[in-house]
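Everything below concerns the one structure shown next.
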There are 2 protein chains.
Amino acid sequence: MRTTQITLAARPVGEPQDSDFETVETELPPLEEGDVLLRTLYLSLDPYMRGRMSDAKSYAAPVGIGDTMVGATVCEVVESRSEKRTVGDVVLSYTGWQTHAVAPDSMTQRLDPDAAPVSTALGVLGMPGFTAYAGLLEIGRPKPGETVVVAAATGPVGSAVGQVARIKGARAVGIAGGPEKARALTEELGFDVGLDHRSPTFRDDLAAAVPDGVDVYFENVGGPVTAAVTRHLNTYARVPVCGLVADYNATQAPEGPDRLPGFMRLVLTKSLTVRGFIQDEFREAYGADFRREMSQWVRDGQVRYREDVVDGLENAVDAFRGLLAGRFHGKVLVKVG
Amino acid sequence: MRTTQITLAARPVGEPQDSDFETVETELPPLEEGDVLLRTLYLSLDPYMRGRMSDAKSYAAPVGIGDTMVGATVCEVVESRSEKRTVGDVVLSYTGWQTHAVAPDSMTQRLDPDAAPVSTALGVLGMPGFTAYAGLLEIGRPKPGETVVVAAATGPVGSAVGQVARIKGARAVGIAGGPEKARALTEELGFDVGLDHRSPTFRDDLAAAVPDGVDVYFENVGGPVTAAVTRHLNTYARVPVCGLVADYNATQAPEGPDRLPGFMRLVLTKSLTVRGFIQDEFREAYGADFRREMSQWVRDGQVRYREDVVDGLENAVDAFRGLLAGRFHGKVLVKVG
């Protein structure tokens, strides 16, 4: 059995280029006892992957040159030497940017297609949804009546942050790029306010949207949007930091002035809590609650989500560029099968 | 009765100048029922006072132009219309930069000269000591074997941070300006390592002093020292931010490059907790424990302190400049009486 893989050919400098990747066909190893042969249905594209392409120090090892790009996948079992998996099972796995893979059954988690569309295991009911849930509840701790602001707000993390904040009684102000996305925030996703950060009136719109200041800023973009929001942070505001997608392609520290001293002064004078996190840290404390609550909220329509499905593994690199550039609206999936 | 006061004549730009202050003689009002007349024995000088001279937004209102500079004091009661205070009582108050004051008894707290030198109510047993204690225990949460780093380490906050960290079983690495202060950290104050940030080998010395990285960086200075330490922060490190004395005289954002994106990236990839605080926030939760534990530690010599006493209110402005410039070694007091 052969698999088509997208491997990392070179470490991107700035925006990833086609030439940084290579498409190769590889013969898969034979199945050993306990293994399954998987056919990829959906590949998840997520901002953290930009970090894995780089060898800068981070929380996880980089993808090696020549190795298949990593990524979460939803797969169908097409052959099984495991008693726990049957041909036809749909599973969540982490087989990366490829059409097929051989994996031990322990690296797969069976999904119930009747409970929710299987693709949601990569979005609202998967890692992005959990990132939103745990980061907001453990670090953000929104209280009823407080104001929660999140950017990239139509995306899989941002949209869940806003909707969970609403469920907890807070006001949700979402920021996104372009008027269509901004409108979707209130019309589709139930935010109290949707703002377009590309609008020339963005700073005024933001000020008008947070008359009582900002109690939680869920940081997943960085850049100028963050600079605009921090001015409105209230005393004791919380800033969970789960991503900085606006800066991921940066090749050097931007020109001055140096805003770090001013930011630290704000941390001091406003008694801010700024806390970076990777969702894994909260699995044990919040995993079970997340699965129960979020599935329920999705079923009863309290939490909605949107998926942008790109067809064909050959389009993954371009789609990934689009993800970093804000070209998509919702959770970005590559339909591989 | 007349008092000699130092009032704020102009808002300093950069380092405070003599011309930013005025010395005036004022007639005190007559005592009303419940009031005491106080003679200042010691005036505390603290970095936060630089913030009060400025009208930039902060956690407390600025001192008005023409108003007496604020500050904590230890005073003797020289006249009393209160049943709760007797002539000769020594009290902690907040009467500011002046020789005498009239205050309601509720604004004074009686000190026991037999329990500890009364000046310690302005230092190790007062606000600076409590800042160290509460910030370290509530935000820093040092665990046995972890490494705690603090700068301005011979000062009243830094020296208490290091010594309390040691009591909690952590390694204490102190940073101070000049070889004499660095030596005092290990020889007088019981730090595991004392470093001189003015030494040309400071960055290498620091790296050698924290072979297992830094788990808690108690931030009270900012500037280049902070930049050097942050490189060594471990995953899940905690950064209580209680002061930024190196930047207090800054008149504008320093030249680039802009280090804020790099700092936020560090917050993210290391899952850091950066938390600003003003000690008042923790009074209720930690005040009683602090009074009991710290007095005991000072009595039995587990926590030592050093005071730099400047003679005469007329030298307060110059001493305050010296405080910001790192000219002193320990807690800076002006002996007024």
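The values are calculated or read from the model by the stated rules, or taken from the named source; none is laboratory data. These numbers were taken from a predicted model, which means no experiment stands behind them. Please note: Cβ atoms are built from the backbone with ideal geometry, for glycine as well, and neighbour counts cover all protein chains shown.
Please list, ordered by residue number, the strands (runs of 3 or more DSSP E) wholly in the stretch A:1-73 having 3 or more residues that are over 17 Å from A:Ser93 (Cβ atoms) and not polar (S, T, N, Q). Lay out the reasoning, then the answer.
On the way: elements: A:2-8, A:21-27, A:35-44.
Hits in the stretch A:1-73: A:21-27.
If you check A:Ala152 against the conditions, is it in contact with a strand residue (DSSP E or B) (Cβ under 8 Å, 6 or more places away or on another chain), part of a strand (DSSP E or B) and among the hydrophobic types (A, V, I, L, M, F, W, C)? Working first, answer last.
Details: in contact with a strand residue (DSSP E or B) (Cβ under 8 Å, 6 or more places away or on another chain): yes; part of a strand (DSSP E or B): no; among the hydrophobic types (A, V, I, L, M, F, W, C): yes.
The answer is no for A:Ala152.
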Checking B:Val298 against (1) β-branched (Val, Ile, Thr); (2) assigned to a helix (DSSP H, G or I); (3) assigned by TED's automatic domain parsing to the domain that holds B:Ile175, only one condition comes out false. Which one? (3)
Among the residues of the stretch B:238-292, which ones are closer than 20 Å to B:Val149 by Cβ, among the aliphatic types (A, V, I, L, M) and either surrounded by fewer than 18 Cβ atoms within 10 Å (Cβ to Cβ) or at the interface with chain A (Cβ under 10 Å from one of its Cβ atoms) (or both)? B:Val239, B:Val241, B:Leu244, B:Ala246, B:Leu266, B:Val267, B:Leu272, B:Val274
Among residues of the stretch B:47-85, those that are within 17 Å of the chain's Cα centre (by Cα) and away from chain A (no Cβ under 14 Å), counted: 8
For B:Ala227, indicate whether it is within 8 Å of another protein chain (Cβ to nearest Cβ) and modelled with pLDDT under 95. no
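Filter the stretch A:25-44 for residues that are among the aliphatic types (A, V, I, L, M) and touching a helix residue (DSSP H, G or I) at 6+ places or on another chain (Cβ under 9 Å) and give the result.
Within the stretch A:25-44, the subset among the aliphatic types (A, V, I, L, M) is A:28, A:31, A:36-38, A:41, A:43.
Answer for the stretch A:25-44, where residues must be among the aliphatic types (A, V, I, L, M) and touching a helix residue (DSSP H, G or I) at 6+ places or on another chain (Cβ under 9 Å): A:Val36, A:Leu41, A:Leu43.
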Which residue out of A:Arg265, A:Arg304, A:Arg275 is under 30 Å from B:Gly135 (Cβ atoms), in contact (Cβ under 8 Å) with a residue 24 or more places away in the chain and charged (D, E, K, R)? A:Arg275
Selected residue (criterion: surrounded by the most Cβ atoms within 10 Å (Cβ to Cβ)) from residues of the stretch A:1-25 that are in contact (Cβ under 8 Å) with a residue 60 or more places away in the chain and among the hydroxyl-bearing types (Ser, Thr, Tyr): A:Thr3
Kindly evaluate A:Asp300 against the criterion of being exposed (fewer than 15 other Cβ atoms within 10 Å of the Cβ), away from chain B (no Cβ under 14 Å) and more than 30 Å from B:Ala60 (Cα to Cα). yes
Of these, A:Ala116, A:Ala103, which one is assigned to a loop (DSSP other than H, G, I, E, B) and either within 25 Å of A:Asn315 (Cβ to Cβ) or at pLDDT below 95 (or both)? A:Ala116
Looking only at the stretch B:1-41, which residues are hydrophobic (A, V, I, L, M, F, W, C) and over 30 Å from B:Arg85 (Cβ atoms)? B:Ala9, B:Ala10, B:Val13, B:Phe21
Exactly one condition in (1) under 30 Å from A:Gln296 (Cα atoms); (2) in contact (Cβ under 8 Å) with a residue 12 or more places away in the chain; (3) not in a helix (DSSP H, G or I) is not met by A:Val78; state its number. (1)
Identify, from the list B:Val36, B:Val78, the residue that is in contact with a Lys or Arg (Cβ under 6 Å, 6 or more places away or on another chain), surrounded by 20 or more Cβ atoms within 10 Å (Cβ to Cβ) and of a type in the set (A, V, I, L, M, F, W, C). B:Val36
Counted residues, the stretch B:215-238 - those being among the aliphatic types (A, V, I, L, M), in contact (Cβ under 8 Å) with a residue 60 or more places away in the chain and either touching a Lys or Arg at 6+ places or on another chain (Cβ under 9 Å) or within 20 Å of B:Pro156 (Cα to Cα) (or both): 3
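Right, B:Thr235: in contact with a helix residue (DSSP H, G or I) (Cβ under 9 Å, 6 or more places away or on another chain), over 15 Å from A:Val267 (Cβ atoms) and at pLDDT 95 or above or not?
Details: in contact with a helix residue (DSSP H, G or I) (Cβ under 9 Å, 6 or more places away or on another chain): yes; over 15 Å from A:Val267 (Cβ atoms): yes; at pLDDT 95 or above: yes.
Criteria met by B:Thr235.
Report, by residue number, each residue of the stretch B:126-137 that is over 21 Å from B:Val77 (Cα atoms) and not aromatic (Phe, Trp, Tyr). Walk me through how you get there before you give the answer.
Applying the first criterion (over 21 Å from B:Val77 (Cα atoms)) to the stretch B:126-137 yields B:127-137.
Residues satisfying the conditions are B:Met127, B:Pro128, B:Gly129, B:Thr131, B:Ala132, B:Ala134, B:Gly135, B:Leu136, B:Leu137.
Each row is one residue, and each column tells you yes or no for (1) assigned by TED's automatic domain parsing to the domain that holds A:Thr154; (2) assigned to a strand (DSSP E or B); (3) closer than 28 Å to B:Ile278 by Cα.
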| residue | (1), (2), (3) |
| --- | --- |
| A:Leu195 | yes, yes, no |
| A:Asp205 | yes, no, no |
| A:Ala253 | yes, no, no |
| A:Pro257 | yes, no, yes |
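Per-residue answers, yes or no, for (1) more than 20 Å from A:Gly155 (Cα to Cα); (2) over 16 Å from the mean Cα position of the chain (by Cα):
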| site | (1), (2) |
| --- | --- |
| A:Tyr286 | yes, yes |
| A:Arg292 | yes, yes |
| A:Asp308 | no, no |
| A:Gly312 | yes, yes |
| A:Val317 | no, yes |
| A:Gly322 | no, no |
| A:Gly326 | no, no |
| A:Val334 | no, no |
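Kindly indicate which of A:Leu189, A:Leu185, A:Leu125, A:Leu111 is modelled with pLDDT of 95 or more, within 14 Å of A:Tyr305 (Cβ to Cβ) and in contact with a strand residue (DSSP E or B) (Cβ under 6 Å, 6 or more places away or on another chain). So that I can check it myself, show each step before the final result.
Working: A:Leu189 fails: in contact with a strand residue (DSSP E or B) (Cβ under 6 Å, 6 or more places away or on another chain); A:Leu125 fails: in contact with a strand residue (DSSP E or B) (Cβ under 6 Å, 6 or more places away or on another chain); A:Leu111 fails: within 14 Å of A:Tyr305 (Cβ to Cβ).
Exactly one of A:Leu189, A:Leu185, A:Leu125, A:Leu111 is modelled with pLDDT of 95 or more, within 14 Å of A:Tyr305 (Cβ to Cβ) and in contact with a strand residue (DSSP E or B) (Cβ under 6 Å, 6 or more places away or on another chain), namely A:Leu185.
Here's the yes/no breakdown for (1) modelled with pLDDT under 95; (2) surrounded by 24 or more Cβ atoms within 10 Å (Cβ to Cβ); (3) not β-branched (Val, Ile, Thr):
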| site | (1), (2), (3) |
| --- | --- |
| B:Pro142 | no, yes, yes |
| B:Val173 | no, yes, no |
| B:Val193 | no, no, no |
| B:His197 | no, yes, yes |
Could we say that B:Pro142 is closer than 18 Å to B:Tyr286 by Cα, of a type outside the set (A, V, I, L, M, F, W, C) and assigned to a loop (DSSP other than H, G, I, E, B) here? yes
